[in-house]
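For reference, the structure is listed below as structure tokens.
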Amino acid sequence: MPHLKQVRKSKQKPMLSKPKKQYTEMSGYQLRLRRAFDNQLDRAVVQSAKTTMRGLARTANIKPIDNYNYDDRLHETNAKNVFRNGLLLNNPILFNALGVTVLIGACDTLFKALVISGVTLALMLVTELLTSLFYKDFDTPMRMTAYVLTAAVLLALIAPPIFNRYPALVSSLGIYLPLLCITGLLTVRCETFASVNTAGLAFADAIGCSCGFGSIAILFGVLREFFSANSFAGIIIGKGHTLPAASMAFFAFLMLGLLSALAQRLRRFWFRRRQSDLEDAVEEDKL
Amino acid sequence: MKLIKTSPPFIKSGKSQSASMKRMIVCLGLALIYAVFFFGLRLLVNAIISIIICEFCELIVSGLVRLPNTAKDLSAIVTALIIVLLLPAAVPLWLILIADAFAVFIAKAVFGGLGHNPFNPSACAIAFITVCWPKYIFRYPTVPQMLPVFSADLSKVTYGSSVLAYLNAGGVAPYRLSDIFFGAVPTAAGTGCGLLLLACFIYLSVKRTIHWRITAAFLLTFTLLSAVLPRAGLWYISAFSEVFSGYLLFAAVFMLTDPSTSPKSDIGGIIYGVICAIAVILMRRYGIYEESLCFALIICNAIAPTLDRWVASIPERRL
């Protein structure tokens with residue numbers, strides 16, 4: 001009696017809900033129907049989420065930013081735009097918080113910031129170029145290992161001459177110089193950009209991101225050195241009150257937070273101005 | 001439908017924010033008057049200048065972010081008074097200015113103003129100037145001593161070591177216990193009188209301005225731990241000295257119970273108080289500064305929202 005057997009089975013292992021049919025078990029018509037239903041469901045969920053977000057934005061009196069599609073602008077793939085994005089519009093440290101550890105921990109004087117910026121430029125340039133030329137075909141774990149190994153080998157070549165010339169400076173950088181090999185700035189840019197783009201674009205990205213990071217690092221170095229010791233590049237330039245906390249990590253975090261907020265504000269302002277310029281141009285064409 | 005944008009709390013219980021702030025100001029005012037009795041009118045001038053600076057900073061913030069004027073909610077006055085009372089009486093005015101500006105701009109306005117700040121603004125300001133200028137923060141004038149009211153020349157002021165300085169050095173403070181209890185020892189301007197602070201605690205608890213469970217849990221745990229782990233001398237003298245010295249009582253009454261930085265639930269508040277007490281004990285024993293309570297408080301502020309969420313999830317877990 002097959003029916004009774006089924007009942008016994010169900011008693012032995014009670015099922016809380018009826019299992020859903022898998023795609024493989026369905027007939028052609030059922031399959032099409034199910035896929036159409038799932039697609040509709042996905043669309044409905046996405047639409048609902050968008051509506052909710054718009055509603056929340058309206059309730060909180062936030063101006064909708066649908067017109068300002070940052071992603072399109074930030075991914076215009078020509079060398080000039082890539083360089084500009086790395087330097088300003090998508091600055092790795094201000095907008096993506098890449099390389100924060102090194103910036104906070106090491107860049108408290110101008111000379112330290114200069115060394116960090118120079119080494120970052122060299123590491124980024126070589127690693128991104130190699131990634132776009134050779135490493136992009138590797139498997140993901142191998143690729144990640146390749147970035148770090150390349151950076152480490154390069155640092156092993158660069159560091160000794162710098163150390164011989166400025167031993168005290170390199171010693172004062174401590175762990176932060178080797179840390180550049182595994183910093184998010186290097187690995188994230190290699191993985192998200194260089195591994196899916198051409199060598200020329202990777203070159204532009206490496207220069208742009210390094211300059212963007214370096215400019216902020218130098219700014220931090222100058223400001224923190226001035227506030228903490230009233231000096232510029234090691235030369236005392238004032239005898240006023242000093243702020244010893246400026247050389248500490250928490251002060252750099254505060255500076256980075258305020259600078260990042262200012263940069264985001266300026267970027268939004270720039271996008272809006274560009275948007276209104278474009279709209280004006282379109283209207284003039286129509287007329 | 002007309003939408004009204006206001007700051008929390010949204011559920012009204014008949015208690016207004018300004019009434020709570022007024023009660024806090026009354027209690028802080030009593031502590032200020034007690035300190036004026038010891039140090040003279042200079043402290044009153046410091047308090048007035050501090051209030052003006054805080055209110056001015058609030059006005060600037062209101063102008064910058066184009067929000068309704070928040071200077072009327074009296075929170076700036078509370079912050080200003082707490083900062084003045086936590087500093088030594090003979091502190092330079094520029095230090096008060098920096099502390100006030102840091103409290104309003106960095107610790108409060110950046111996070112969205114009153115009710116949104118995750119860390120206590122006064123504790124942040126004191127921690128900041130402690131890190132930057134510790135020599136001014138832990139230089140307490142002896143009492144009683146009439147300080148010059150307007151003069152910036154403080155060269156004639158005599159200074160003494162606080163109870164915590166003696167405890168940190170591994171010795172017992174050579175002060176009578178009654179002097180420690182009534183604040184007649186070198187200490188921060190408004191944190192001395194234990195009797196007055198306990199009275200303020202009872203008054204604010206009865207008026208339901210502060211969550212008494214947080215303060216009670218904090219003080220009980222701290223007293224127990226300091227008695228079990230004495231730093232110097234007899235256990236009860238060490239525990240008494242620790243409880244009635246430094247910022248401890250003052251912070252327990254006025255800072256720990258800040259509604260925007262402490263847990264909302266009762267159980268969360270008790271756990272918060274216990275954790276704060278343990279953090280203060282550890283900071284005082286292993287910290288590099290003479291008084292590290294503000295640092296411990298900031299760390300504990302960070303866990304307050306997590307405690308609230310955790311307590312709220314308990315019934316779900318039981319189901």
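Just checking, how many residues over the stretch B:262-280 are open to solvent by 10 Å² or more (accessible area, probe 1.4 Å) and in contact with a Leu (Cβ under 9 Å, 6 or more places away or on another chain)?
Looking only at that region, the number is 7.
Can you pull out every residue in the stretch A:169-218 that is within 16 Å of the chain's Cα centre (by Cα) and open to solvent by 40 Å² or more (accessible area, probe 1.4 Å)?
A:182, A:188, A:191, A:192, A:196, A:207, A:211 - these are the residues of the stretch A:169-218 that are within 16 Å of the chain's Cα centre (by Cα) and open to solvent by 40 Å² or more (accessible area, probe 1.4 Å).
Which residue out of A:94, A:155, A:149 is modelled with pLDDT under 95 and either open to solvent by 50 Å² or more (accessible area, probe 1.4 Å) or acidic (Asp, Glu) (or both)?
It is A:149.
For the stretch B:69-111: of the residues being among the aliphatic types (A, V, I, L, M) and not in a helix (DSSP H, G or I), which is modelled with the highest pLDDT?
Top of the filtered list is B:87.
Has the stretch A:254-261 got at least one residue that is within 14 Å of another protein chain (Cβ to nearest Cβ), within 30 Å of residue B:132 (Cα to Cα) and buried (at least 19 other Cβ atoms within 10 Å of the Cβ)?
yes
Return the residue satisfying two criteria in turn: it lies in the stretch A:226-253 and is more than 12 Å from every other protein chain (Cβ to nearest Cβ) and open to solvent by 50 Å² or more (accessible area, probe 1.4 Å), and of such residues it is nearest to the chain's Cα centre (by Cα).
So, considering only residues that are more than 12 Å from every other protein chain (Cβ to nearest Cβ) and open to solvent by 50 Å² or more (accessible area, probe 1.4 Å), the one nearest to the chain's Cα centre (by Cα) is A:226.
Report, by residue number, each residue of the stretch B:78-90 that is surrounded by 24 or more Cβ atoms within 10 Å (Cβ to Cβ) and either in contact with a strand residue (DSSP E or B) (Cβ under 8 Å, 6 or more places away or on another chain) or more than 13 Å from residue B:122 (Cβ to Cβ) (or both).
The answer is B:89, and nothing else.
The values are calculated or read from the model by the stated rules, or taken from the named source; none is laboratory data. Computed from a prediction, not measured in an experiment: that's the story for all the values here. Please note: Cβ atoms are built from the backbone with ideal geometry, for glycine as well, and neighbour counts cover all protein chains shown. Areas reflect the complete protein model, heavy atoms only, side chains present, ligands, DNA and RNA absent. Shrake-Rupley method; radii C 1.70, N 1.55, O 1.52, S 1.80 Å.
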